[in-house]
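Structure first, commentary second.
The values are calculated or read from the model by the stated rules, or taken from the named source; none is laboratory data. The shown structure was predicted, so the numbers you read here are calculated from the model rather than taken from an experiment. Quick reminder, even Gly has a Cβ in these numbers, built from the backbone with ideal geometry, and neighbours come from all protein chains shown.
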Amino acid sequence: MIPPKANAEFVAAMEQVLDVYRRPYEPDHPVVCMDETPHQLIAETREPLPVSAGQPCRVDYEYRRMGTCNVFMAAEPLAGIRMTKVTERRAKRDFAQFLSDIAERYRSAKSITLVKDNLNMHRPDALYEVFELGVARALWDRFEFVYTPTGMAVG
């Protein structure tokens with residue numbers, strides 16, 4: 001992302017992210033990047049034509065909309081590890097559960113640095129809305145949250 005001109009808040013946040021990315025690989029303190037994306041689910045309206053000699057498979061451009069889903073992904077680039085989870089929607093409950101999944105994947109780590117964007121549901125309060133107090137606090141304590149900068153307004 002290109003920082004907005006003369007935006008010290010953006011630059012400071014980006015410097016923090018870049019400092020985290022420069023950390024050496026430590027299995028006890030993994031650096032994990034997380035994001036999610038919505039996806040449209042579609043179905044074919046006509047049977048694709050099969051592959052034949054000199055002809056690739058052909059698929060019609062027309063499709064039927066079958067709803068949407070959300071795909072969470074977490075990656076630990078220095079270890080070559082990634083996790084995905086498909087959910088029906090993108091909500092605090094789904095985010096909190098994915099954090100729990102990440103914590104379980106890294107159960108032997110002392111702490112987990114999680115780099116993520118500033119989406120309003122990507123906040124620790126999601127844990128307290130979904131889990132009992134003790135479970136929420138235990139999960140919160142496992143993570144160091146690092147937020148990627150936003151395109152903040154100049155001025």
### Message
Which condition from (1) farther than 15 Å from Pro30 by Cα; (2) surrounded by 17 or more Cβ atoms within 10 Å (Cβ to Cβ); (3) not small (Gly, Ala, Ser) is the one that Leu99 breaks?
### Response
(1)
## Note on the structure
Checking Val11, Val32 in turn, the sole residue that is closer than 27 Å to Arg123 by Cβ, in contact with an Asp or Glu (Cβ under 6 Å, 6 or more places away or on another chain) and of a type in the set (A, V, I, L, M, F, W, C) turns out to be Val32
### Query
Got a number for residues in the range 68-89 being crowded, with 18+ Cβ neighbours inside 10 Å and closer than 18 Å to Thr37 by Cβ?
3
## Note on the structure
Residues of the range 45-104 being at pLDDT below 95, touching a Ser or Thr at 6+ places or on another chain (Cβ under 8 Å) and among the aromatic types (Phe, Trp, Tyr), in sequence order, are Tyr63
### Task
Go over the candidates Arg137, Arg65 one by one and state the one that is surrounded by fewer than 12 Cβ atoms within 10 Å (Cβ to Cβ) and farther than 20 Å from Arg23 by Cα.
Arg65
